[in-house]
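Inspection log for the structure reproduced underneath, given as structure tokens.
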């Protein structure tokens, strides 16, 4: 594969995953050239391919901006972006909270945010996610956390990164893993995990994982598998980069790597996945050996989310509105999952992973899709294994309540075309 093709695929994943939303600015050609160590002509070719695919819009003097026909027009690709539709957001109650925040916090609401985040929000999030407040860093989205980790471990030597197969496309684009390990049905095989590191080259060792409600498959690591992998990571000097996707929706989650091996785990969380796509706030928890450097790297590029947004989110969590919002979204997800299960049963050659929480379904077909514009996210964006390429992810909470019946009908038509039923 030519380098420009790789850059194109990485950019495409960012758009289709919703990490760069329609209308948001993509990294500049200069930034892409620097990231991939190529000249600007090579990067330009990748952006031209992205535009030709209908996923980018070039604006003279302003740069390239993401576009996703499915999201913008409500047709192809409308179940591809792993986002929660903003139509689920409790606007009326949140508006009252925001107005109260602006009124009562006058004098600091528009001040620069503290380096680690507004203390009240850090305290609230420490309680919600059961993490030490002193370990937390508030971010401008989880993607910033991944970028900070890339810079942290890549300061002196290129890190050796192991990722799951399949895995989250934005992490593939950022880390360019040295190897992949099959995720299985309860997490990777600890023996295979150990063999990889014993044969790996020099450089910092990182295992990137989404162990609870894995993106895209939806599986959960078993508690036994997590403990076995944590033991091997500790003995083999491996750092665990734990991406918490939607653990809030899964009351049966097992202990995290952040609980089992906190001294070698950096835990990252996106709040937009559980609130609304435009709330670009993330959270990072790191041990004392890594947190100061991560804070320094963050200060070099971005002071963090605006103070008013952090103050509002603090009230959002403390008031009970977050709990009510989560309960409403989870109820809607259960109803939609049941509808999708009934729909999938009607088509031969389809099976899905038995996930009972989160916003996604991972479906495997007995053939690779030949549809030109499917409504789902194709498996090839998440990995290259044959079974992965025959699979696809349905992100069923990306459509609001009013749009859902039409989306479901169009999905039915696409499944019929895929299976020949």
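Is it true that residue 419 is surrounded by fewer than 18 Cβ atoms within 10 Å (Cβ to Cβ), farther than 30 Å from residue 118 by Cα, modelled with pLDDT under 95 and in contact with a strand residue (DSSP E or B) (Cβ under 8 Å, 6 or more places away or on another chain)? Considered against the rule, which asks whether it is surrounded by fewer than 18 Cβ atoms within 10 Å (Cβ to Cβ), farther than 30 Å from residue 118 by Cα, modelled with pLDDT under 95 and in contact with a strand residue (DSSP E or B) (Cβ under 8 Å, 6 or more places away or on another chain), residue 419 comes out as yes. Within segment 252-260, is even one residue closer than 17 Å to residue 139 by Cβ and touching a residue at least 24 places away in the same chain (Cβ under 8 Å)? Yes, the conditions are met somewhere in segment 252-260.
For segment 329-355, taking the residues that are in a loop (DSSP other than H, G, I, E, B) and crowded, with 16+ Cβ neighbours inside 10 Å, the one that is modelled with the lowest pLDDT is identified as 355. Residues that are out of contact with any helix residue (DSSP H, G or I) (no Cβ under 8 Å at 6 or more places or on another chain) and modelled with pLDDT of 95 or more were ranked within segment 134-173; the one that is nearest to residue 233 (Cα to Cα) is 164.
Of the helices (runs of 4 or more DSSP H) lying entirely inside segment 1-61, the ones with 3 or more residues being under 25 Å from residue 395 (Cβ atoms) and free of Cβ contacts under 8 Å to residues at least 60 places away in the same chain are found at 3-16, 40-52. For residues that are part of a loop (DSSP other than H, G, I, E, B) and at pLDDT below 95, scanning just segment 174-185, find the one that is surrounded by the fewest Cβ atoms within 10 Å (Cβ to Cβ). For segment 174-185, the residue satisfying everything is 185.
Against the test of being under 23 Å from residue 378 (Cβ atoms) and either assigned by TED's automatic domain parsing to the domain that holds residue 305 or touching a residue at least 60 places away in the same chain (Cβ under 8 Å) (or both), the options 174, 148 yield a single qualifying residue, 174. Of all residues in segment 224-252, exactly one satisfies the criterion of being out of contact with any strand residue (DSSP E or B) (no Cβ under 9 Å at 6 or more places or on another chain), within 25 Å of residue 144 (Cβ to Cβ) and assigned to a loop (DSSP other than H, G, I, E, B), namely 250. Using the structure shown, decide if residue 158 is within 21 Å of residue 267 (Cβ to Cβ) and either in contact with a strand residue (DSSP E or B) (Cβ under 6 Å, 6 or more places away or on another chain) or in contact (Cβ under 8 Å) with a residue 12 or more places away in the chain (or both). No; evaluated as a whole, the condition is false for this residue. Of the residues in segment 190-200, none is out of contact with any helix residue (DSSP H, G or I) (no Cβ under 6 Å at 6 or more places or on another chain), under 30 Å from residue 309 (Cα atoms) and crowded, with 16+ Cβ neighbours inside 10 Å.
With respect to (1) surrounded by 14 or more Cβ atoms within 10 Å (Cβ to Cβ); (2) without any contact (Cβ under 8 Å) to a residue 60 or more places away in the chain; (3) farther than 30 Å from residue 117 by Cα, the lone exception for residue 309 is condition (3). For segment 277-300, taking the residues that are without any contact (Cβ under 8 Å) to a residue 40 or more places away in the chain and in a helix (DSSP H, G or I), the one that is surrounded by the fewest Cβ atoms within 10 Å (Cβ to Cβ) is identified as 300. Being in a helix (DSSP H, G or I) and not assigned by TED's automatic domain parsing to the domain that holds residue 171 is a property that holds for residue 414. With respect to (1) under 22 Å from the mean Cα position of the chain (by Cα); (2) under 30 Å from residue 334 (Cβ atoms); (3) at pLDDT 95 or above, the lone exception for residue 225 is condition (1). Here residue 202 clears all of (1) under 25 Å from residue 10 (Cα atoms); (2) in contact with a strand residue (DSSP E or B) (Cβ under 9 Å, 6 or more places away or on another chain) except the condition numbered (1). So for segment 372-379 (the condition being without any contact (Cβ under 8 Å) to a residue 24 or more places away in the chain and in a loop (DSSP other than H, G, I, E, B)), does at least one residue qualify? Scanning segment 372-379 turns up at least one residue that is without any contact (Cβ under 8 Å) to a residue 24 or more places away in the chain and in a loop (DSSP other than H, G, I, E, B).
The values are calculated or read from the model by the stated rules, or taken from the named source; none is laboratory data. All values reported here derive from a predicted model rather than from experimental measurement. Cβ coordinates were reconstructed from backbone atoms using ideal geometry, including for glycine residues, and neighbour counts include every protein chain displayed.
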